[in-house]
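Here, each number is a calculation from the coordinates, and none is a lab measurement. This structure is a prediction, so every number in the text was calculated from the model and none was measured. When we count neighbours, we look across all protein chains shown, and the Cβ atoms used for this are built from the backbone with ideal geometry, even at glycine.
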């Protein structure tokens, strides 16, 4: 992925991975934590639920186009702290029409959006000190770590994947005989998972809407895990940690 200008942060594109003394203050503060204590009840941790839209599914060639976030505190979604931004794709990357049909982000809108360099301080501020919640973390985490690599950092702290939690819960139900061993794994697409809990599904392939749906799915999963006697963040990470 070709990244945009590093001028605002004062970093060079050749910055080697791991040169901590070259990181700007906000990135050093992010890496230092502190992070939620996994031994405490899950409700005591602060969460940030994240979803991204991209130009494709290969983080080596494709680019981030939008990020949406909502926060969870005390077991409740904080819509007053929602955050969404589009991201201008790197120069020379033409967003394909097939991609536009999925996420609806038009080329003219993206051409005037801020660069990843410009949104990075605001993004890091919202991630710092929180458990990161994603659905199918392989995609979101992969793209973000690829984008962060030239800055000399990567995602830190605990990460929970609601898709992994769904798989773990299904396997548990099979072991306990609650469902037949012949019963296939239920769909873990976000819409299907939300529907299995009777939750509303907001407009798909919109980063903020999908983050909100993921937040509600997580809270439904958390309620079920509470009933199973799993009350700590550590227990949740065992079920769905990345």
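At a glance:
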| quantity | calculated |
| --- | --- |
| Residue 205 versus residue 154: modelled label distance in nm, points set 7 Å from Cα along the beta carbon direction | 3.0 |
| Label assignment, mean projected area of the Cα convex hull in nm² derived from the structure, set [x] 12.4; [y] 15.5; [z] 13.9 | [z] |
| Most to least packed among 96-109, 67-80 [average Cβ atoms within 10 Å] | 67-80, 96-109 |
| Rounded if a/c under 1.5, otherwise prolate or oblate - the range 126-232, Cα gyration tensor axes | prolate |
| FRET efficiency estimate (nearest 0.05) - Cβ-Cβ, residue 43 to residue 171, R0 30 angstrom | 0.75 |
| Separation of alpha-carbon centers, the range 53-77 and the range 123-154, rounded to whole Å | 9 |
| Chain lengthening between residue 196 and residue 145 when straightened (0.36 nm per residue, less Cα-Cα) | 15.3 nm |
| Percent RCO, i.e. relative contact order, over the chain, from Cα pairs under 8 Å lying at least 6 residues apart | 28 |
| Virtual paramagnetic centre 7 Å along Cα→Cβ of residue 22, amide N under 12 Å, in the range 138-173 | 150-153 |
| Sorted by Cβ neighbour density within 10 Å, fewest at the top, the residues 117, 226 | 226, 117 |
